[in-house]
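Right, one structure below, let's go through it.
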Amino acid sequence: MKELIKQYLDRGISRRGLLTGLAAFGLSSVAAKTMARSLSPFSAAAEEANTEAAPSWMRPMRGNGGSLLVAQLKAAGVEYIFFNPSSGEAPIFDALVDEPNIHLIKVLQEGALAAMADGYAKASRKTPFLLVARPGLPNAMTQMFNSWKDQIPMVVSVGFSRIDTLGQDGFENTDHIEDMSAPITKWHWVVEKTEKIPEITRRAFKFASTTPCGPVFVGYPDDTLSRETDAMIMNQEKFSVPMNIHPDPAAVERAARLLLEAQNPLLYAGDEVVWSGAQHEVLELAELLGMPAAQPPGSVAWSKAFPTRHPLFLGDYLQQMRYPGRVDVMLNLGGRMPNPGARLRIFPDVKLIQVRMDVTNLARNYPTEVPIVADLKHAAADLADAVKSIATASRLQKIRETRQAKTAEYTAKMRAFRRQIVRDKWNASSISEGRLGMEMELALENDTCLIAEVGSASPITRQMHFGGGDKQFFGNSGKALGWALPASFGVKLAFPDRPVVAVMGDGAFSFAGPQPLWTFARYHAPVTLIVVNNGSYNAERNRMLMKGGRMFQTGRDMACSLGNPDIDHAKAAAAYGVEGEVVRDASNLGPALERAKRATAQGSPYLLDVHVERRGIGAASNWHPPFSIEALRQRRV
């Protein structure tokens, strides 16, 4: 009996465990409860002593695995859990009943769930926690792929099979589910003991959020979530690793001299600039040298790191830039380099300076004159200081003024040229993508967050301005379709006070759902959703027919038509509680955007199904392979 009492005082067993043990020694229920009451002051004193001994950032806790997990998530600063329910996770939901500071975001499909978390992480710079049913993991992985390519943190958890059933090919289980996620996660693990849940959860958040970031997978078996034990809850900040690394001074000086000696330098600014909040420092460096700036193509970037309205901004990087001509020195600040394929996308004689936090991909494919591992904020500031220390003020002024004037003249002409192309067709009744982009630029506030499914949106976003005092851009480089619709919910969750607009093709909308719209309606997420409807997977069709094969020769699109039946996206939205309308005429674009703005200002999402003109090879054709199961059935009757 002494050992039993010692266990209770040491918090090795609960009060219920004590009563059960005393009953086993022959004590009546009344006697056992009396003894438990007599021991209560000693138990409280022991607990108080233990609490006083622990620092403020850690505390012992007894509970089942679900309550331990929720406590550790709270210690990690988690405010939202993105989930699709599974019965094995009941202990987690039980623990959340009395936890008002963590909110559940219910999503009807796991791919949309991961995309929502991705948008939230990109906007908030926080690490989201996802709860996914075992069979739904492959669904979630379609959008985890985007997060992996964009290096976005998230902890993706699965209610795993009971430990004692592993290897038995049981319900909703297969061997090594966790390994399925390995190619697109930084780390994957299964928690086999309840007392390890807080520790493994802390480690998952540490791995996911340490730059370069990325998804992490954790499996929580059903029995570890339901079993009760003692564990230590610790604040996540004690496991965070700041990555604000200063660059090597010698490398900075070498890079500064190359930039000063360059005849045609080019700045290439990428996602790490945005993630580290270095836009101001990068802009100052570019202006110091009058250096024209390009952005990585959408296939390798999810953000716009340089203000697109700025006179030094040229647009997407091309190997042969129309301006400034043949580049001799290229400064890559935080960008993934263009995919080289069979040949490099920069000329071999270009002196390449690269500053990245991603050591794996720094100098991975391109020969690099000066590789630098550093935080982009520090690197850009140190480069500017080094340039000022090497060159006189008068020399810098001469370099800057000459380049700035030439670049500003070129970029002004290009902007006017793009606007004129749109204006030439302004009075047409059909809606061009350029017209849609210009109408959006006129209608949207400067603090708007635009979420763009990159392939569908690029002709539109070329007419718009981002960065600096303009709108903020969010995209994805993984190209897993169906991202923008749910991601815009995540961005709105991070920025509830800013206007949020999502642009996606009709193919992307159907990939995403429309089931994510239910989440918009349930949680009253006032987002404007624009479906660019051309009745096809138009980008894929153009790429296919450009090869000149039989489809091109016969005019028969075997794969990409989305007609017959045509999809009414506004009606689909209505089924999920989201108001919307179809826009077919260009003259109705402006009024429709205003109606969407009014609806979102009043707290409701709004969808515009915008029928744009069909463009490209074979776009005018509605032909698709004729096949009917009903006709097949009739032939067999």
M414 vs. criteria out of contact with any Phe, Trp or Tyr (no Cβ under 7 Å at 6 or more places or on another chain), of a type in the set (A, V, I, L, M) and more than 21 Å from K597 (Cβ to Cβ): yes
Meets criteria (buried (at least 21 other Cβ atoms within 10 Å of the Cβ) and in contact (Cβ under 8 Å) with a residue 24 or more places away in the chain) for L258: no
Options V327, V370, V387, V350: the member that is more than 13 Å from A278 (Cβ to Cβ), β-branched (V, I, T) and without any contact (Cβ under 8 Å) to a residue 40 or more places away in the chain: V350
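Could you please let me know if T194 is closer than 24 Å to G167 by Cβ and in contact with a Leu (Cβ under 8 Å, 6 or more places away or on another chain)? Walk me through how you get there before you give the answer.
Details: closer than 24 Å to G167 by Cβ: yes; in contact with a Leu (Cβ under 8 Å, 6 or more places away or on another chain): yes.
Yes: the conditions hold for T194.
Name the residue, out of N446, N361, that is in a loop (DSSP other than H, G, I, E, B) and farther than 30 Å from M337 by Cβ.
Of the residues listed, the single one that is in a loop (DSSP other than H, G, I, E, B) and farther than 30 Å from M337 by Cβ is N446.
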Filter result (over 27 Å from the mean Cα position of the chain (by Cα), touching a residue at least 60 places away in the same chain (Cβ under 8 Å) and assigned to a loop (DSSP other than H, G, I, E, B)) within the stretch 565-601: I567, R584, D585
Segments classed as helices (runs of 4 or more DSSP H), wholly inside the stretch 203-287, with at least 1 members that are under 30 Å from N64 (Cβ atoms) and not acidic (D, E): 222-226
Whichever residue in the stretch 390-407 is among the β-branched types (V, I, T) and in contact (Cβ under 8 Å) with a residue 40 or more places away in the chain and, among such residues, is farthest from W275 (Cα to Cα): T402
Candidate set: the stretch 105-155, residues that are surrounded by fewer than 24 Cβ atoms within 10 Å (Cβ to Cβ) and among the basic types (K, R); chosen: the one farthest from V527 (Cα to Cα): R134
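Out of the residues in the stretch 174-194 meeting the condition of being polar (S, T, N, Q) and touching a Gly at 6+ places or on another chain (Cβ under 9 Å), tell me which one is nearest to N64 (Cα to Cα).
Only one residue tops the list, namely T194.
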Filtered residues of the stretch 328-345 (kept if of a type in the set (A, V, I, L, M) and more than 23 Å from L283 (Cβ to Cβ)): A342, L344
In the stretch 428-448, the residues that are surrounded by fewer than 13 Cβ atoms within 10 Å (Cβ to Cβ) and either without any contact (Cβ under 8 Å) to a residue 24 or more places away in the chain or among the acidic types (D, E) (or both): E445
The stretch 223-252: number of residues that are within 17 Å of P212 (Cβ to Cβ), surrounded by fewer than 17 Cβ atoms within 10 Å (Cβ to Cβ) and touching a residue at least 40 places away in the same chain (Cβ under 8 Å): 3
Checklist (1) in a loop (DSSP other than H, G, I, E, B); (2) farther than 30 Å from V583 by Cα applied to E401, failing item: (1)
Count of residues meeting criterion [more than 17 Å from D506 (Cβ to Cβ), assigned to a loop (DSSP other than H, G, I, E, B) and either of a type outside the set (A, V, I, L, M) or outside the structural domain of T600 (by TED's automatic domain parsing) (or both)] in the stretch 529-564: 5
Pairs with Cβ under 6 Å, 6+ apart, first in the stretch 133-152 and farther than 9 Å from A114 by Cα and at pLDDT below 95, second of a type in the set (G, A, S) and in a loop (DSSP other than H, G, I, E, B): A133/S86
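Picking from G468, G482, which residue would you name as being surrounded by fewer than 21 Cβ atoms within 10 Å (Cβ to Cβ) and small (G, A, S)?
Details: G482 fails: surrounded by fewer than 21 Cβ atoms within 10 Å (Cβ to Cβ).
The conditions single out G468.
Consider G535 carefully, then state whether it is more than 30 Å from S488 (Cβ to Cβ), in contact with a Lys or Arg (Cβ under 9 Å, 6 or more places away or on another chain) and in contact (Cβ under 8 Å) with a residue 40 or more places away in the chain.
no
The values are calculated or read from the model by the stated rules, or taken from the named source; none is laboratory data. Everything quoted here is computed from the prediction, not taken from an experiment. Please note: Cβ atoms are built from the backbone with ideal geometry, for glycine as well, and neighbour counts cover all protein chains shown.
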